[in-house]
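To keep things clear, I will list the structure first and then write my remarks on it.
The values are calculated or read from the model by the stated rules, or taken from the named source; none is laboratory data. Predicted model only: the values in this text are computed from it and were never measured. Positions of Cβ are generated from backbone atoms using ideal geometry, with glycine treated the same way; all protein chains shown enter the neighbour counts.
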Amino acid sequence: MAATFGTGTPFGSGSSTAFGNSSNFGTAASGGALNTATLNPNNDFMVSDPPNDTISSVHFSPAALLPRNFIIATTWDNEVRLWEVHSNGSTQGLGMIRHEAPVLASAWKSDGTRIFSAGCDRICKMWDPATNAVDTVAYHDGPIRHCAFVGETSGVAGTPFLMTAGWDRTLKYWDVRAPPNPAQGGGGAMGTVSLPERCYAMDVNGSLVVVGTADREVLWFDLRQPLQPAGRKTSPLRYQTRCISIFADRTCYAISSVEGRCGIEYLQDTSKSFAFKCHRIDQGAGGQERITPVNCVTTYPSTAPELVDVLATAGGDGRVNIWNKAAKVKTKGLKEVPLPIVALEFNANGAILAYAMGYDWSQGASGYARFQSVPPEQRNLIFLHAVQDDEIRSKSAGARPPVRKGLF
């Protein structure tokens with residue numbers, strides 16, 4: 001992979017555009033600028049040259065590329081950007097492609113050689129950053145909300161393949177080696193599953209897929225029998241589903257909603273399922289709470305018994321919290337940033353937690369007016385938090401090991 005990534009030079013011309021890494025944050029001179037302490041209260045690293053519009057997803061490169069880390073971000077102004085994250089916390093922009101409409105989802109090929117992106121233009125693109133080649137590999141009749149790549153280690157015969165789920169109420173499977181044909185039924189997909197409603201959330205881990213739709217429906221699939229749901233239920237949360245993330249041991253998943261709560265749902269022993277408040281702020285007198293949507297949930301990548309229960313949530317309150325579901329405790333709460341958190345993910349070995357700040361429309365037009373009062377260079381930032389051992393281990397799990405030295 002050294003020949004593909006990290007050359008420090010643009011990837012070429014064609015449909016991609018290179019961008020630099022010289023941004024300076026927290027020192028803007030324009031009116032309304034936030035100081036460093038307000039903008040970045042956790043003193044985390046900030047990704048250079050952030051996007052110009054709200055970020056819809058962030059995804060780290062797969063384990064195949066470790067110890068090197070790369071991160072992609074998709075945005076509502078039609079962009080897909082790629083950076084390398086260096087061990088000292090600095091980042092280098094490596095390339096960018098564009099769609100014809102807002103981009104809602106992204107994924108990596110399991111070997112790290114390709115990037116997939118999909119959105120409101122109703123297609124999924126496959127980008128080769130080494131050559132800047134961009135191919136269309138999937139079609140839907142409506143916006144594509146999520147995409148995922150299923151690799152050779154999934155335990156599924158006939159892999160690899162791409163999955164896409166959209167607002168046209170379908171889940172589709174694609175062979176990325178065969179050009180799709182939009183004139184064919186289903187756009188030339190290998191298989192299509194009808195969903196009960198529009199896809200709002202999806203996660204894939206090995207052969208397990210969990211999809212959340214409008215009307216609070218949740219379906220899960222065993223990819224060894226991909227055309228029939230293995231199960232279906234109504235979300236335990238009362239309001240619209242925002243995010244789903246499967247735990248590394250695949251026994252359960254986390255699901256979040258706009259009501260400031262997160263649910264832990266077990267697939268077999270359902271008696272262990274529960275929900276908890278995670279992004280509700282006590283307003284003091286009268287027991288009132290300020291409820292904000294839980295925009296993001298990400299589970300820890302390790303299957304180690306002492307870490308498999310770790311998850312992180314982020315919401316419209318501008319806060320990132322790390323939890324242990326077995327101990328039912330919050331092990332770390334990052335300090336509040338001035339805008340909502342709109343994207344969140346651990347990297348492949350759990351050493352870095354990326355979170356993106358932007359506007360989520362949870363406060364409507366009045367909130368957007370406040371958002372616009374922030375200088376453009378401070379609105380849509382991506383932070384990189386170096387995860388420490390004491391932030392992901394519950395006190396009830398026994399003595400904590402020493403805090404990790406170094407950055408990542």
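So if I check each of A130, A138, which one is surrounded by fewer than 21 Cβ atoms within 10 Å (Cβ to Cβ), closer than 23 Å to F60 by Cα and of a type in the set (A, V, I, L, M, F, W, C)? Residue meeting the stated conditions: A130. Evaluate the following for A327: is it touching a residue at least 60 places away in the same chain (Cβ under 8 Å) and more than 20 Å from G89 (Cβ to Cβ)? So A327 fits the description; yes. Within the range 242-277, being assigned to a loop (DSSP other than H, G, I, E, B) and in contact with a strand residue (DSSP E or B) (Cβ under 7 Å, 6 or more places away or on another chain) holds for F247, A248, R250, T251, V258, E259, G260, L267, S273. Checked against the criterion of being surrounded by 14 or more Cβ atoms within 10 Å (Cβ to Cβ) and either closer than 27 Å to N349 by Cα or modelled with pLDDT of 95 or more (or both), the range 26-36 has no qualifying residue.
Taking the numbered list (1) surrounded by fewer than 17 Cβ atoms within 10 Å (Cβ to Cβ); (2) under 23 Å from M202 (Cβ atoms) in turn, G316 passes all entries but (1). The residue of the range 113-162 that is modelled with the lowest pLDDT, among those that are out of contact with any Leu (no Cβ under 8 Å at 6 or more places or on another chain), outside any loop (DSSP other than H, G, I, E, B) and among the hydroxyl-bearing types (S, T, Y), is T153.
Residues of the range 177-227 that are of a type in the set (V, I, T) and within 22 Å of the chain's Cα centre (by Cα): V204, V209, V210, V211, T213, V218. Of all residues in the range 236-271, those that are within 20 Å of the chain's Cα centre (by Cα), under 24 Å from P293 (Cα atoms) and not aromatic (F, W, Y) total 20. Looking across the range 38-87, the residues that are within 20 Å of R319 (Cα to Cα), of a type in the set (S, T, Y) and either free of Cβ contacts under 8 Å to residues at least 12 places away in the same chain or not in a loop (DSSP other than H, G, I, E, B) (or both) come down to T38, S56, S57.
Name every residue in the range 218-239 that is in contact with a Lys or Arg (Cβ under 7 Å, 6 or more places away or on another chain) and either assigned to a strand (DSSP E or B) or of a type outside the set (A, V, I, L, M, F, W, C) (or both), in order of residue number. Across the range 218-239, the qualifying residues are V218, L219, T234, S235. Regarding A165, is this residue in contact with an Asp or Glu (Cβ under 8 Å, 6 or more places away or on another chain), surrounded by 15 or more Cβ atoms within 10 Å (Cβ to Cβ), within 21 Å of V218 (Cβ to Cβ) and at pLDDT 95 or above? Spelling it out, it is not the case that A165 is in contact with an Asp or Glu (Cβ under 8 Å, 6 or more places away or on another chain), surrounded by 15 or more Cβ atoms within 10 Å (Cβ to Cβ), within 21 Å of V218 (Cβ to Cβ) and at pLDDT 95 or above.
Within the range 345-364, if we keep just the residues that are modelled with pLDDT of 95 or more and part of a loop (DSSP other than H, G, I, E, B), the residue that is surrounded by the fewest Cβ atoms within 10 Å (Cβ to Cβ) turns out to be N349.
Among the residues making up the range 198-217, none is aromatic (F, W, Y) and either part of a loop (DSSP other than H, G, I, E, B) or more than 22 Å from S56 (Cα to Cα) (or both).
For (1) among the aromatic types (F, W, Y); (2) modelled with pLDDT under 95; (3) at positive phi, each residue gets a yes or a no:
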{"residue": "L237", "(1), (2), (3)": "no, no, no"}
{"residue": "I246", "(1), (2), (3)": "no, no, no"}
{"residue": "S256", "(1), (2), (3)": "no, no, no"}
{"residue": "Y266", "(1), (2), (3)": "yes, no, no"}
{"residue": "A275", "(1), (2), (3)": "no, no, no"}
{"residue": "H279", "(1), (2), (3)": "no, yes, no"}
{"residue": "G284", "(1), (2), (3)": "no, yes, yes"}
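Across the range 169-197, the qualifying residues are those that are crowded, with 19+ Cβ neighbours inside 10 Å and in a loop (DSSP other than H, G, I, E, B), and the one among them that is modelled with the lowest pLDDT is P180. Residues that are within 30 Å of S257 (Cβ to Cβ) and not β-branched (V, I, T) within the range 162-188 comprise L162, M163, A165, G166, W167, D168, R169, L171, K172, Y173, W174, listed in sequence order.
Only one entry of R177, R224, R250, R238 meets the criterion of being free of Cβ contacts under 8 Å to residues at least 24 places away in the same chain and more than 30 Å from W361 (Cα to Cα), and that entry is R177.
No other residue among G119, G95, G112 is closer than 22 Å to S194 by Cα, crowded, with 20+ Cβ neighbours inside 10 Å and not polar (S, T, N, Q) apart from G119. Any chance the range 334-353 includes a residue that's free of Cβ contacts under 8 Å to residues at least 24 places away in the same chain and more than 16 Å from F60 (Cβ to Cβ)? Looking through the range 334-353, none of the residues is free of Cβ contacts under 8 Å to residues at least 24 places away in the same chain and more than 16 Å from F60 (Cβ to Cβ). Which of the residues that make up the range 303-325 are modelled with pLDDT under 95 and more than 15 Å from S256 (Cα to Cα)? Within the range 303-325, T303, A304, P305, E306, G318 qualify. The selection criterion, being part of a loop (DSSP other than H, G, I, E, B) and either crowded, with 19+ Cβ neighbours inside 10 Å or at negative phi (or both), does not hold for L311.
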